[in-house]
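Below is one structure, written out as structure tokens; comments come after it.
The values are calculated or read from the model by the stated rules, or taken from the named source; none is laboratory data. Every value quoted in this text rests on a predicted model; they were computed, and no experiment measured them. Note that each Cβ is placed from the backbone with ideal geometry, even for glycine, and that neighbours are counted across all protein chains shown.
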Amino acid sequence: MELLEIHDQIRSLRSKGEYGEAFLKIIDYEKSGGALSAYLLIMKGDLIQLTDDLDFTLQDAVRCYMSAVELEPKNIEAHEELGWLYFNVLGEPESAKNWFERALVLAKERVSKIEEGLTRCEEQSTPNHD
């Protein structure tokens, strides 16, 4: 099964509240030799937190998010999810603050690139009256 198909299936199962099924789909994909994308690692971390009947700990969720950051260092969502996990679940506001700050820096970089693109579009679409 292709990675995009797995992403779609996980997204669909999660939206229906079928967290255990979504988690098992990730595990099956992983066991079949599929490499986990940052997206799947983030979903796995989320699902560990949302599903009570799994033999995983919150530290496993941390490892999933950290692996996503290692795989895609500029992934805003992975940094943000670590912030929320440390703040809401682990009760470590200082660690959470560090992850939120990193996510904010990445988000600002992304917004700057988007603004640059808009500026270039406006420059090209504005008639030149010289």
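The table below lists the values:
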{"read-out": "Test: GLN59 is polar (S, T, N, Q), in a helix (DSSP H, G or I) and crowded, with 16+ Cβ neighbours inside 10 Å", "value": "no"}
{"read-out": "Residue match in the range 76-91 (condition: among the polar types (S, T, N, Q) and modelled with pLDDT under 95)", "value": "no"}
{"read-out": "Leading residue by the ranking (modelled with the highest pLDDT) among those in the range 108-130 that are farther than 30 Å from ASN75 by Cβ and acidic (Asp, Glu)", "value": "GLU123"}
{"read-out": "The range 71-123, residues that are among the polar types (S, T, N, Q) and part of a helix (DSSP H, G or I)", "value": "ASN88, SER95, ASN98, SER112, THR119"}
{"read-out": "So TYR39, is it touching a residue at least 12 places away in the same chain (Cβ under 8 Å), aromatic (Phe, Trp, Tyr) and closer than 30 Å to VAL111 by Cα", "value": "yes"}
{"read-out": "Residue in the range 62-73 that is surrounded by 14 or more Cβ atoms within 10 Å (Cβ to Cβ), over 23 Å from LEU3 (Cα atoms) and in contact (Cβ under 8 Å) with a residue 24 or more places away in the chain present", "value": "no"}
{"read-out": "Every residue from the range 15-47 that is crowded, with 22+ Cβ neighbours inside 10 Å, in contact with a Ser or Thr (Cβ under 8 Å, 6 or more places away or on another chain) and of a type in the set (A, V, I, L, M)", "value": "LEU41"}
{"read-out": "Selection status of ARG120, of a type outside the set (A, V, I, L, M) and free of Cβ contacts under 8 Å to residues at least 12 places away in the same chain", "value": "yes"}
